[in-house]
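> Below is one structure. I have some questions about it.
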Amino acid sequence: MGHCPAGVARTDWLARPAARGGGGHARYQSSRRLLARGSRSVGLLAIRSEVMAEMKIEEMAQHPPGEVEADAVWGDACPFPLGGRTAKPREHGVTMVIDKGLGLGAMADLLDAGAAHIDIVKLAFGTSALYSESVLRDKLARLRAAQVLCCPGGTALEVAVVHGKARAFVDRAVELGFTALEVSDGTIEMAADTRRSLLAYGRSMGLSVVSEVGKKHPADQLPGHTLRDQIQQDLESGAWKVIVEGRESGQGVVIYRADGSIDADEMESIASACEPALLIWEAPQKSQQQDLIQRFGSNVNLGNVRSEDVLSLEALRVGLRADTLRTALRAGALAAVRSSAAAEAWCGNVG
């Protein structure tokens, strides 16, 4: 990246690729040409993914140190390297936590430490049926007080569908105090009319309704065009967000290979179905979270986040981990640190 010319405000210099000249501008223009070429063929979607990641880094350059959010505890002694992080209530940048059986004490600890960084808690699988009613109601009340949505796992609703009890399930969810509903067919086959009806009924009952696309078993995987069509149909039917299946393992389903790495072609194919802010990518592994942040930015919606990973994910989002701090440095968001004078000021004029 070139140096900021005299008379040009640093905010303008970092925000406008053309102003920087040299490699930065050339890479920006090259990225747009490659993107146009890559979008013509599904076989080139991996190229498109790399290009879009580069363009996202360019966007991050619009948040230099003087303009990013300051940490409430550290103040301006530790500004967030990646700016633009959304605050609750969020429409994008959502973090959905998977809860496989936290007790009331553990949930209280989680909310004390991280409620500001959690948007939805999913009581995974059918675990909501295994609590005592008093514990479940108490748990849901605590989540509501913390302004965190909560839904029973989609598998529980699938069981209800199999038994012809889907509407009764939704009614009971509302009565118990759930604030969200997930409609999925990860294990069962669900008629399109049933799916649309459940999405509409959940909304009519005042729930925040999300759907999920993708099958849970590696042998049952669906082609990309089927997933794209389902995403669009669910959004038309009123889903607030659509979750892309990743399971709790993040292996061998939809965009994830058996080793947990991301299939860029599959990811880009699914991402083309709608605006990125409408998708929640289940991403239980740190490497997956990092890759999705690099591709879609700090405010990508992520799900199946383990409770113990809430703060570490938020650190990734704002550049307070080495992996995304490096992204911030590449973007030029901390370019001032590279000069010795700025580095001295950054460290409090020590020495």
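What follows is calculated from the coordinates using simple rules that are stated; it is not laboratory data. None of the values given here were measured: they were computed from a predicted structure. No Cβ is skipped: glycine too gets one built from the backbone with ideal geometry, and neighbour counts run over all protein chains shown.
> Could you give the length gained by full extension between Ala200 and Leu329, i.e. 0.36 nm per residue of separation minus their alpha carbon distance, to one decimal place?
Numbers: separation 129, 0.36 × 129 = 46.44 nm, distance 4.53 nm.
Using 0.36 nm per residue and subtracting the Cα-Cα distance, I get 41.9 nm.
> Something else: Restricting to the stretch 95-318, what percent of DSSP beta bridges are antiparallel, rounded to 5?
Working: 1 of 26 bridges.
So the antiparallel bridges amount to about 5 percent of the total.
> Using the count of nearby Cβ atoms within 10 Å as a rough guide to exposure, how do Lys165, Lys216 rank from fewest to most?
On the way: Lys165 14, Lys216 20.
Result, fewest neighbours first: Lys165, Lys216.
> For the stretch 95-318, give the magnitude of the charge dipole about the Cα centre (Cβ charges: +1 Lys/Arg, -1 Asp/Glu; no others), in debye to the nearest 20. Walk me through the numbers on the way to the answer.
Working: 22 positive and 31 negative charges, 105 e Å.
For the stretch 95-318, the charge dipole is close to 500 debye.
> Take the Cβ-Cβ distance between Thr187 and Glu133 as r, set R0 to 41 Å, and report the resulting FRET efficiency rounded to the nearest 0.05. Write out the running numbers ahead of the final one.
Working: r = 26 Å, r/R0 = 0.63.
With R0 = 41 Å, the Cβ-Cβ based efficiency is 0.95.
> Then there is this: Just to confirm a number: summing +1 for Lys and Arg and -1 for Asp and Glu over residues other than Pro89 whose beta-carbon lies under 15 angstrom from that of Pro89, what do you get?
Working: positive: Arg85, Lys88, Arg90, Arg144, Lys241; negative: Glu91, Asp119.
My count for the surroundings of Pro89 gives +3.
> In this model, which of Lys139/Lys286; Lys100/Lys139; Lys88/Lys241; Lys122/Lys241; Lys122/Lys215; Lys139/Lys241 are farther than 20 Å apart at the alpha-carbon? Write out the running numbers ahead of the final one.
On the way: Lys139/Lys286 27 Å; Lys100/Lys139 13 Å; Lys88/Lys241 16 Å; Lys122/Lys241 14 Å; Lys122/Lys215 18 Å; Lys139/Lys241 24 Å.
Pairs exceeding the cut-off: Lys139/Lys286; Lys139/Lys241.
> Neighbour counts of other C-beta atoms within 10 Å: give me Glu158, Glu175, Glu248 arranged from fewest to most. Let's see the in-between values first.
Numbers: Glu158 22, Glu175 10, Glu248 14.
Lowest count first: Glu175, Glu248, Glu158.
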